[in-house]
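Asker: One structure, as structure tokens, below. Some questions next.
Here, each number is a calculation from the coordinates, and none is a lab measurement. Small disclaimer: the values here were computed from a predicted structure and weren't measured. Here the Cβ positions follow ideal geometry from the backbone for every residue, glycine too, while neighbour counts run over all protein chains shown.
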Amino acid sequence: MDLNASVAAVVTGGASGLGEATARALAQQGVRVAIFDMQKYKGERVAAEIGGTFCEVNVTTDESVEAGLRRAREAHGQERILVNCAGTGNAIKTASRDRKTAEIRYFKAKEFDRIIQINLVGTFRCIAMSAAGMLSLEPLSGGERGAIVNTASVAAQDGQVGQAAYSASKGGVNALTLVVARDLAQEGIRCNTIMPGLFNTPLLQGMPDQIKQALGAQVPFPPRLGNPSEYASLALEMIRNPYFNGECVRLDGSIRMAPR
């Protein structure tokens, strides 16, 4: 798919981190970008800087995503590109014992479900609703109507201690990628997923520099944290390359995560 001013995109989680980098990279190619996020101040700032549109969206509800898509389409037309970066995580052991009090605790299903609803169900909700809109588009040369890029994590394959919910949610994103690509193949809509490793995103930016340096040193090569622009570069290649379809790709400097 050629990236230019004739193309519209929606980027969820586009107010910061990987989503912001991707929104900026798409806008630099002339693409009309709508940012979906719950961080209103940051989202509006990024949208203003790239000439895009901010839509305050909670990906866990149909109504919020529908409203966001309506606003985005009123501003830019039907999107041909969807990049799903909205997500969150937590770190809770399945069951554990407090060393001081000997109290035994377990990971409440309600909190487990919260991560699943945001990372997995929210991603699928945006895929399904956006793809339905893409079906209304005339195909480009080669028969392509749209391209979808999702964000999983290396935790989908080698989750660490306390990442049961996060790993399950990201593993689910991996699992649906090929199915969605097959579901939409006859309509000319592609679907791929990126599995980032250790990236310098807001989740890590609050950590002291020495801790970030220590984390980066665990990466075989290059021995550093990934830059959001490197995620954006791969996302754009997945969108541009018409033969890129149904794939889940690690972007991690060849790291394999230890148990903790």
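Asker: Using the reciprocal of the averaged 1/r over all distinct C-alpha pairs, how large is the Kirkwood radius of the range 8-251 in Å?
Answerer: Values: mean 1/r = 0.0541 Å⁻¹.
About 18.5 Å, per the Kirkwood formula over Cα pairs.
Asker: Taking only Cα atoms of the range 139-260, what ratio of Rg to Rh do you get with Rh as the Kirkwood inverse-distance radius?
Answerer: Details: Rg = 16.0 Å, Rh = 15.5 Å.
Answer for the range 139-260: 1.04.
Asker: To two decimal places, what compactness ratio does the range 68-210 give when its Cα radius of gyration is scaled by 2.2 N^0.38 Å? Working shown, then result.
Answerer: Working: Rg = 18.6 Å, N = 143, 2.2 N^0.38 = 14.5 Å.
Taking the Cα Rg and dividing by 2.2 N^0.38 Å, one obtains 1.28.
Asker: What value, in deg cm²/dmol to 500, does the helix sum -39500 (n - 2.57) over DSSP H runs of n ≥ 4 give at 222 nm once divided by the residues of the chain?
Answerer: Working: 10 runs with 110 residues, N = 260.
That calculation yields -13000 deg cm²/dmol at 222 nm.
Asker: Gaussian network model of the chain, Cα springs within a sub-10 Å range: biggest mean-square fluctuation belongs to which of Ala75, Ala131, Ala165?
Answerer: So, out of Ala75, Ala131, Ala165, the one fluctuating most is Ala75.
Asker: In a shell of Cβ-Cβ distance under 13 Å around Ile194, excluding Ile194 itself, what net charge do Lys and Arg (+1) and Asp and Glu (-1) give?
Answerer: Numbers: positive: Lys170, Arg250; negative: Glu230, Glu237, Glu247, Asp252.
Local net charge: -2.
Asker: In addition: Using a simple spin-label model with points 7 Å from Cα along the Cα→Cβ vector, what separation in nm is obtained for Ile116 and Asn4?
Answerer: 4.6 nm
Asker: Just to confirm the filter: which GluC sites (Glu not before Pro) across the range 209-260 are DSSP coil and have at most 12 other Cβ within 10 angstrom of their Cβ?
Answerer: Numbers: sites: Glu230, Glu237, Glu247; in loops: Glu247.
Taking the range 209-260 and a limit of 12 other Cβ atoms within 10 Å, no loop GluC sites (Glu not before Pro) are found.
Asker: Still on this structure, please answer the following. Whole-Hz ³J(HN,Hα) for each residue in the range 80-96, computed from phi via Karplus 6.51 cos²θ - 1.76 cosθ + 1.60 with θ = phi - 60°, x for glycine and proline: what do you get?
Answerer: So the J values, rounded to whole Hz, are 9, 10, 10, 10, 9, 10, 5, x, 7, x, 8, 9, 9, 5, 4, 8, 8.
Asker: Would you tally the net charge around Gly30, using a Cβ to Cβ cut-off of less than 14 Å, leaving Gly30 out, and scoring K and R as +1, D and E as -1? Working shown, then result.
Answerer: Values: positive: Arg24, Arg32, Arg80, Arg240; negative: Asp2.
Counting the neighbours of Gly30, the net charge comes to +3.
Asker: When the Karplus curve 6.51 cos²θ - 1.76 cosθ + 1.60 is applied with θ = phi - 60°, which whole-Hz ³J(HN,Hα) does each residue of the range 193-207 get, with x for Gly and Pro?
Answerer: So the J values, rounded to whole Hz, are 9, 9, 10, x, x, 8, 10, 7, 10, x, 4, 9, 5, x, 7.
Asker: GNM on the chain, C-alpha springs below 10 Å: top fluctuator among Glu144, Glu74, Glu44?
Answerer: Among Glu144, Glu74, Glu44, the largest GNM mean-square fluctuation belongs to Glu74.
Asker: Under the Karplus relation 6.51 cos²θ - 1.76 cosθ + 1.60, θ = phi - 60°, what is the ordered set of whole-Hz ³J(HN,Hα) values for the range 97-106, x standing for Gly and Pro?
Answerer: 10, 5, 5, 7, 9, 6, 5, 9, 10, 9
Asker: Taking H placed 1.01 Å from N in the peptide plane, check which residues at least 5 places from Ala34 or on another chain put their amide H under 5 Å from its amide H.
Answerer: Here Ala9, Val10, Val11, Thr53 satisfy the definition.
Asker: So between Asp98 and Ala75, what do we pick up on full extension, going 0.36 nm a residue minus the alpha carbon distance? Can you show the working numbers first?
Answerer: Values: separation 23, 0.36 × 23 = 8.28 nm, distance 5.27 nm.
So the extension gain works out to 3.0 nm.
Asker: Taking a quarter of the surface of the convex hull around the Cα atoms of the range 44-121, what do you get in nm²? Walk me through the numbers before you get to the answer.
Answerer: Values: hull surface 30.4 nm².
Orientation-averaged projected area of the Cα hull: 7.6 nm².
Asker: Let me ask something else about it. May I ask for the angle, rounded to the nearest 10°, between helix 62-76 and the longest principal axis of the chain, with both axes built from Cα atoms and the value confined to 0 to 90°?
Answerer: So the inclination is approximately 40 degrees.
Asker: Can you tally the net charge around Arg250? Count Lys and Arg as +1, Asp and Glu as -1, for every other residue whose Cβ sits under 13 Å from the Cβ of Arg250. The partial results should precede the final answer.
Answerer: Working: positive: Lys170, Arg256; negative: Asp158, Glu230, Glu247, Asp252.
Around Arg250, the surrounding residues sum to -2.
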